[in-house]
1. Taking amide H atoms as placed 1.01 Å from N in the peptide plane, list the residues 5 or more away in sequence, or in a different chain, whose amide H sits under 5 Å from that of Ile26.
2. Using the beta-carbon distance between Asp173 and Asn125 and R0 = 30 Å, what value does 1/(1 + (r/R0)^6) give for FRET efficiency, to the nearest 0.05?
3. Which order do the peptides 184-191, 16-23 take when ranked by the mean count of other beta-carbon atoms within 10 Å per residue, highest first?
4. Which order results if His216, His201 are arranged by neighbouring Cβ count within 10 Å, fewest first?
5. Please state, to two decimals, what the Cα-based radius of gyration of segment 172-229 comes to when divided by 2.2 N^0.38 Å (N = residues).
6. Within segment 101-164, how many Lys pairs sit with Cα atoms under 17 Å apart, leaving out pairs fewer than 8 places apart on the same chain?
7. Bin all alpha-carbon pair distances of the chain at 10 Å intervals from 0 and give each bin's fraction as a whole percent.
8. Amide H neighbours of Arg194 under 5 Å, at least 5 residues apart or on other chains, H built in the peptide plane: list them.
Amino acid sequence: MKIALVGYGKMGKIIEGIAKSRGHEIVSIIDIDNQQDFESAAFKSADVAIEFSIPKVAPANVRKCFAAGVPVVCGTTGWADQMEDVKKDMVASNGTLFWSSNYSIGVNIFNAVSKYLAKIMNGFNNYDVKMSEVHHVHKLDWPSGTAITLAEGVVENLDRKSKWVKGTLTAPDGTVTGSENCKADEMPVSSIRRGEVPGIHTIVYESEADIITIDHNAKSREGFALGAVLAAEFTAGKKGFLGMTDMLDFLK
């Protein structure tokens, strides 16, 4: 399969290595200095593009993939407020977008377990719930896209919570802003930016008697990169808006 890479930071380079190890060909690499290559024959020859960049340019990158007729797998988070407009452009151009807040298979298993636990906790109102996430200092958005997806899964399945809200943010210099204090029907999601942490997501249910904690701790970026390549293999030849629910049967 021919793959184009859009964004060539740490994730892009890891994705490149994994894609090649699985027998795929990288036909185009686009980063900040060669945006004109979206119009190149090499880019247009790709069966699928994999986009990992930054929030402020991701929507434009995705639209350029639509214009070139190349299906795109996007792993950039932090632009959810523009998603519906991008979907409309996808439909208008008969394009393809696979989007997920996290491509790690382990994280998606964790999300399924979290949803199931939330359903169980409907029978135990004496437990309150909160969430936290830890990421490297280079991550710009907070909470993480993965934390938002996990939080939405809890809220959808835990009747006593109507929404998630931002909790605290601990910056790289140790300063803390925000608060975990919230309304009874809200779930706080707090964030920490520290070192080069690939990603830790923790969900805590607490009562006066005990604490139940589940977490996912990424050891490296390789799990995310492999999932993105698997998504690219799944996406090639398809049309419309796709996600991990389409690719992984256990999420349905």
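1. The list, which skips near neighbours in sequence, is Ile3.
2. So the FRET efficiency works out to roughly 0.15.
3. Put in order of decreasing packing, that is 184-191, 16-23.
4. By the 10 Å Cβ count, ascending, the order reads His216, His201.
5. 1.47
6. Count of close lysine pairs: 8.
7. 7, 30, 33, 20, 8, 1, 0
8. Under 5 Å from the amide H of Arg194: His135, His136, Val137.
Taken together, the values in this text are just the output of simple stated rules run on the coordinates, not laboratory data. Just so it is clear, the structure is predicted and the values come from calculations on it, not from any experiment. Every residue, glycine as well, gets a Cβ built from its backbone with ideal geometry; the counts of neighbours run over all protein chains shown.
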